[in-house]
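The next block holds one structure in the form of structure tokens; read it before the comments.
Every number in this text was worked out from the coordinates using simple rules, so none of it is lab data. Worth saying up front: this structure is predicted, and the values here are computed from it rather than measured. For neighbour counting, all protein chains shown are included, and Cβ atoms are generated from backbone atoms with ideal geometry for every residue, glycine included.
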């Protein structure tokens, strides 16, 4: 396994900051929030940045960046949505989405490392796979959390139906992430080396 270099740590730290910004975009734009089950769930750009982390940094550095982001929030720095922090945020109904970002970055990074051709169709496909991973973990966790320890009873169908607006948004920004990654990979060859040399 290759050791992380200072530049790798710096780039990883950049994505910690981007995840924090993406989580709290609704604070500056309050209309980016949707009521679900008596609570308000803000729209965010975290899925977007988790996908970018994987595609641009590879599975190892990308997922480590997300792990570091979660640890910063768990330690008490308000980097989660609505400027929240602490371990109990993970046990809230949106905690599954936070956990899923690790796997989003890992899977998209793994795909980036395995592909020999870094084309737009590939990046779009990898980004959509990232969204699928995000929602499979996040929505199922939300359903379990709301029907058990949070005692906010909701059917499995309703849990998925209420996430449709978010899913549409994340599929759209996944395509944007693919375009951005393709353009940056042409301008910054280092990202090709990151996804090619990651172990």
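Rundown of residues vs (1) buried (at least 24 other Cβ atoms within 10 Å of the Cβ); (2) in contact with a strand residue (DSSP E or B) (Cβ under 7 Å, 6 or more places away or on another chain); (3) in contact (Cβ under 8 Å) with a residue 40 or more places away in the chain; (4) within 20 Å of residue 184 (Cα to Cα), yes/no style:
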{"residue": "85", "(1), (2), (3), (4)": "no, no, no, no"}
{"residue": "88", "(1), (2), (3), (4)": "no, no, no, no"}
{"residue": "91", "(1), (2), (3), (4)": "no, no, yes, no"}
{"residue": "117", "(1), (2), (3), (4)": "no, no, no, yes"}
{"residue": "123", "(1), (2), (3), (4)": "yes, no, yes, yes"}
Q. Name the residues in segment 93-110 that are closer than 19 Å to residue 12 by Cα and either free of Cβ contacts under 8 Å to residues at least 60 places away in the same chain or surrounded by fewer than 17 Cβ atoms within 10 Å (Cβ to Cβ) (or both), would you?
A. 98, 99, 100, 102, 103, 104, 105, 106, 107, 108, 110
